Structure formats: structure tokens, C-alpha cells
Amino acid sequence: MALGRGGDQAVVYIESEAQFYGGKALMVEKNTRVKARVVAQAIRDTVEDTELVLIMGHANEDFDSLGAALGASKLARSLGKTCHVVVSYPGDAVNRLKEFMGEYDEYHDLFIAADVALEMITSETILIIVDTHRPGITAAPELLGKTSKIIVIDHHRRAEDFISNAMLVYMEPSASSTSELITELLPYFDEKLELTRLEASTLYAGIVVDTKSFAVQTGVRTFEAASQLRRAGADPRLVRELFRVDLDTLKHRAEIINNTEMLPGGAVIAAYPNKIKNGQIAAAQSADMLLNIDGVRVSVVLFKIEDGVAVSARSQGDINVQVIMEEIGGGGHQTMAGAQVKNASIEEVKDRVVELVTKHIKESETNEGNSTTRD
């Protein structure tokens, strides 16, 4: 588990509960692609033995989840297999992508709901999980018990809860995004594989959204994957169209930023008490913007959802927000994480988050060995 979370830490079981210590250093990018070649061949051998492939990411899909799913569907369809992407419910990202999918006949009925997938799935169906490895936050958790042929492809640091019955796991916490991992698999899967403009652009959008336009968690292989997609037809103008938001979302983003409080140690927190349309998008964008404030190391945005409170957290890198979010039931990456707290008020969650952020900032300041810049 410690290695799956990127190393640089200890995992201790105390009364059957895992406690994590460390995990503060930045991930080191791997230069070898041997694992990608082996995984691509293993996926090909597995998919060739089935007739139906279902793919799903996490609930409330973002463009990394959708880009990776679209790329994975290309792998399956290149072998002539029936393939569908299971989505949690039509969100803004899904609807935006569907607007452009109408131009391609091959995407007809590609996206399906969980209830439709439940009627289709059998014990022989291949289920590919992308951009998450936690069963509780997949688009349709009920599918996991219907087949033992599960493949997990993810770039997040490993959490305590994991899809236990997966037959193949490809996790690279040093990667910028799952879209980067899928892009690297494509040429090893089939050298003659040709992406459509939409597939290449959506994979490119997945890398852009998880790296904040190549500003964080970006290595040499990230740029190589981006250039590979650009050669394949990725269109930056189309990517910009995918990221456009409506006026209401823009207003909500301004209101969230207006409710921002500065905490000691370089942290800011914004709590927006009203339930809003496209709240996840507005909160994530607000958290990104708050990091641009001079001296800010951590930004956290809280907002209401149907049955509780959602949290979006960002970091400059020296504070691991994944560790913070795990303590309230969430997860993610070192510089970008989130959580959903059920049946709680926004005041309760805010108090808990402030306590955790303050504690981790104090730990980082007192621990001389926590240098993210040493060789």
C-alpha cells in the first residue's frame, strides 16, 4: 500500500485501521516505459477473449475521467468489441462532450447509465475502471460485484479502500493524469491505431485539467504524451470549447472567491453555503484561482451538495492535500484532492478542515526533513 501511494511513507495498522505517516515528498517520474508495454499487451490479450467491454470512471466525471474512458474505448473498439462507457449521471462535462460526439456515428450509444449496464453485464464482461481505484466513488459501484474481470488504470495515490477483485492494476502516482497513462498505452496496444480529432482532444483536455495547463504534476512524459496527441489531431480550440462555462457558473465562482478567508501559514478557505448548479466545476476552478494569491500554499473550497458537503482542495506541492482529504473520507493527489462528507453541515466540515489544514501546516514547518527540493 505504501508503494502504491508513491513511497516516502509508512503504513501502520492500528486496531485494523490503516494510519499513514509521511507522504510529503513530491513524486519522482519514472523514465522507463517497460511497464506500459507489458500492461498494453496484457489488456489486449484480456480484451480479445471477450465480446463486451464496459468502462467507467469516478462519479461526477471530469475530463480526465472522460478522456481516459474514451481512449480505453478506442482500444476495445479497435479489436471489434462492443464497448460502452458507464456514466454516473449527465453532468456538465458529459453533456459538453456529447455536443461534439454527434458528429461521429461510432459514438452512438457509447455513454450508458448504470441501470442499462446492469442488464448487459455478465461474468465474462471486461470492466475497465479509469481515474479511480476506490469502489465507493465509481460511477456505478454495483457493477463491481458482477464480474471478476476488472482492470484498474489510475494515477492517484493508493487509498486504504481499493477494488479488491481486480485482475490487472496499472497505477502510476507519478503520472500527471490517467489520460497520460492511456495515451502511452495506445502505441503499444496497436502501432497503427489512429485517434479521431475528438478522442485526441479529449485525452489532451484530461491532461490539461489535471496539470492545470501543465503547471503542476508535469514531467517529461507528460509533454511527450501531449505532443503525441497533438500529432494525432488534438485541437486546442476544441479543448477550449470543452472548458467553457456558462454565466451562472462564472458568477458562482466570483461569489465563492468573495467568501474566502485567510488562515495562518499560507492557507485559504472558502465556504459557499448555497447549493449551486455545476458546483463541482465552480469550486474546482475557484480553488485553482485562490492558489494564485501571493503566499498561499493551500486552498480549500467547500460547497453544498444534495446529501452533504463537497470539498475541493489544492496545494502548491509542499503540503499533501490528499492526506488531508483522506481524513474526512476523500482522496486524490498530492496537489489536488477532494472529498464528499455525507449528512454534515458546511460549518461542521469547515471546522474540521481548518483543524486538519492547520495541523499539517504546523507539521511541515517543524519537520526539517520535509524538503521537496532535495536531490
Legend entry - GNM top mover of Asn343, Asn60, Asn259 - the chain, alpha-carbon springs below 10 Å: Asn343
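Assuming R0 = 41 Å, can you tell me the calculated FRET efficiency for the pair Asn258 and Arg230, based on Cβ-Cβ distance, to the nearest 0.05?
Numbers: r = 38 Å, r/R0 = 0.92.
Rounded to the nearest 0.05, the efficiency is 0.60.
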Inset, instruction - Return the sequence-ordered ³J(HN,Hα) values of the range 317-323 in whole Hz as given by the Karplus equation 6.51 cos²θ - 1.76 cosθ + 1.60 applied to θ = phi - 60°, using x for Gly and Pro. - result: x, 7, 10, 8, 6, 5, 4
Inset, instruction - Give a residue-ordered list of calculated ³J(HN,Hα) values for the range 202-215 (Karplus: 6.51 cos²θ - 1.76 cosθ + 1.60, θ = phi - 60°; whole Hz; x for Gly, Pro). - result: 5, 5, 4, 4, x, 5, 4, 5, 7, 9, 6, 6, 6, 9
Inset, instruction - Quote to one decimal, in nm, the extra length available between Asn165 and Tyr89 on full extension: 0.36 nm per residue of separation minus the C-alpha distance between them. - result: 24.9 nm
Legend entry - Cα-based helix-to-principal-axis angle, 247-258 vs the chain, degrees rounded to 10: 30
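By per-residue mean of other Cβ atoms within 10 Å, what is the highest-first order of 117-123, 293-299?
On the way: 117-123: 14.1, 293-299: 16.6.
Taking the mean over residues of other Cβ atoms within 10 Å, the ranking is 293-299, 117-123.
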Inset, instruction - With 5 Å bins from zero, work out the P(r) of the range 145-263 over every alpha carbon pair and list the percent per bin. - result: 2, 9, 16, 17, 15, 14, 13, 8, 4, 1, 0
Legend entry - Alpha-carbon Rg/Rh ratio, for the range 96-156, with Rh computed the Kirkwood way: 1.01
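So between Lys251 and Thr196, what do we pick up on full extension, going 0.36 nm a residue minus the alpha carbon distance? Show your work: numbers first, answer last.
Working: separation 55, 0.36 × 55 = 19.80 nm, distance 3.46 nm.
Gain in length upon complete extension: 16.3 nm.
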Legend entry - Accessible carbon and sulfur surface of the chain relative to its total accessible area, %, 1.4 Å: 50
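Rg/Rh for the range 293-344 to two decimals, with Rh computed the Kirkwood way over all alpha-carbon pairs.
Reported Rg/Rh (Cα atoms, Kirkwood Rh): 1.01.
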Inset, instruction - Treating the angle as unsigned and between 0 and 90°, give the value, to the nearest 10°, between the Cα long axis of helix 346-366 and the longest Cα principal axis of the chain. - result: 80
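Provide the per residue accessible area, probe 1.4 Å, for the range 203-261, rounded to a whole number of square angstrom.
On the way: 3110 Å² over 59 residues.
Value for the range 203-261: 53 Å² per residue.
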Legend entry - Candidates Val301, Val323, Val116: whichever shows maximal mean-square fluctuation once the chain is modelled as a Gaussian network with Cα springs under 10 Å: Val116
Inset, instruction - Measure nothing but the geometry: give the 0 to 90° angle between the long axis through the Cα atoms of 63-78 and the longest principal axis through the Cα atoms of the chain, rounded to 10°. - result: 20
Inset, instruction - Using a 1.4 angstrom probe, figure out how much accessible area the range 50-147 has per residue, in square angstrom, rounded to the nearest whole. - result: 37
Inset, instruction - In vacuum, with every alpha carbon of the range 174-237 counted as one equal point scatterer, what does the Debye formula give for log10 I(q)/I(0) at q = 0.14, 0.15 Å⁻¹? Two decimals, please. - result: -0.33, -0.38
Legend entry - Calculated [θ] (222 nm, deg cm²/dmol) that DSSP helices of n ≥ 4 give over the chain, each run adding -39,500 (n - 2.57): -12000 deg cm²/dmol
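Using only alpha-carbon positions, what ratio does the radius of gyration of the range 266-354 give when scaled by 2.2 N^0.38 Å?
Working: Rg = 11.8 Å, N = 89, 2.2 N^0.38 = 12.1 Å.
Scaled against compact globular proteins, the figure is 0.97.
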Legend entry - Candidates Val85, Val12, Val245: whichever shows maximal mean-square fluctuation once the chain is modelled as a Gaussian network with Cα springs under 10 Å: Val12
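For the range 43-100, report the convex hull volume of the alpha-carbon atoms normalised per residue, in Å³, without decimals. Intermediate results must be reported in sequence, preceding the final value.
Working: hull volume 4.7 nm³, N = 58.
So the per-residue Cα hull volume is 80 Å³.
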Legend entry - Whole-number accessible area per residue in Å² for the range 286-375, which is evaluated in the context of all protein chains at 1.4 Å: 45
Legend entry - Kirkwood Rh in Å, taken over the range 123-211 so that all alpha-carbon pairs contribute: 14.1
Inset, instruction - For the chain, go through all pairs of different Cα atoms, get the mean of 1/r, take its inverse, and jot down that Kirkwood value in Å. - result: 21.0
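The values are calculated or read from the model by the stated rules, or taken from the named source; none is laboratory data. Given the structure is predicted, the values throughout are model-derived calculations rather than measurements. All Cβ positions, glycine included, derive from the backbone under ideal geometry; neighbour counts span all protein chains shown. Each accessible area value is taken on the protein alone, full model and side chains, heavy atoms only, with ligands, DNA and RNA left out. Shrake-Rupley method; radii C 1.70, N 1.55, O 1.52, S 1.80 Å.
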